[in-house]
Amino acid sequence: MHYRRFVPALAAAALTAAFAVPAFAEAQTGSTWNNVRYNFGSNTWKMDSKYKPMEVKYSTDEKPGTIIINTRKRYLYLVKSGGKAMRFGIGVGRQGFRWRGTEKISRKAEWPAWHPPAEMREREPHLPERMEGGPDNPLGARALYLGSTLYRIHGTHQPWTIGEAVSSGCIRLRNEDVIALYDMVKVGAKVIVE
């Protein structure tokens with residue numbers, strides 16, 4: 001009789017031990033899949049405070065309103081007057097998807113719909129042809145379209161990716177940061193990606 005009670009209890013304890021430790025570790029450190037860090041745990045991911053927005057000293061010959069993106073350092077700078085800039089932490093293109101150049105903001109959108117390009121759907125066949133805007137949309141709360149390219153500066157519902165090289169070439173910010181940036185820039189603003 002004791003044996004019948006002991007075996008299920010032992011099995012339950014073994015399952016708890018097997019899954020509790022990895023889940024705890026994952027919640028604390030995240031996990032990596034396809035060279036991207038994900039937070040599948042129940043704890044809130046804490047972004048490194050160095051990526052939070054802040055006004056900084058910034059020397060440039062570019063005029064106020066210009067956006068300069070430093071992909072190596074993972075920062076976007078919105079040039080202000082007086083040798084200052086508003087700095088935001090960003091996520092950038094992963095290896096093979098990085099790019100450099102100068103564009104202009106051609107369009108702005110709130111809660112934009114997402115149309116994954118054919119090349120992306122070929123790499124990731126599970127993607128839809130279109131996803132309406134909303135909190136689960138990969139473009140997040142706002143998007144700033146860059147010229148006639150497929151690239152955008154946009155929000156993300158995955159804030160733990162800020163500071164990482166994870167995208168297919170787009171520049172991502174936390175949703176609250178892209179909302180602030182969206183309100184500060186105009187269509188036609190120059191964007192330099194270094």
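Throughout, read-outs are computed from the coordinates displayed, never taken from laboratory work. If you're wondering where the values come from, they're calculated on a predicted model, not measured in any experiment. Heads up, the Cβs are rebuilt from the backbone with ideal geometry, glycines too, and the neighbour counts pull from every protein chain shown.
Modelled spin-label separation between HIS126 and LYS73, with each label point placed 7 Å from Cα along the Cα-to-Cβ direction: 3.7 nm.
Sorting check: for 122-128, 105-111, 65-71, 166-172, which peptide has the highest mean count of neighbouring beta carbons within 10 Å, and how do the rest follow? Provide the component values of the computation, followed by the final result.
Values: 122-128: 9.7, 105-111: 15.1, 65-71: 19.3, 166-172: 22.0.
Ranked by mean Cβ neighbours within 10 Å, highest first: 166-172, 65-71, 105-111, 122-128.
Against the 2.2 N^0.38 Å scaling, with N counting residues, where does segment 71-194 land? I'd like the Cα-based Rg ratio to two decimal places.
Values: Rg = 13.8 Å, N = 124, 2.2 N^0.38 = 13.7 Å.
Taking N as the residue count of segment 71-194, the ratio is 1.01.
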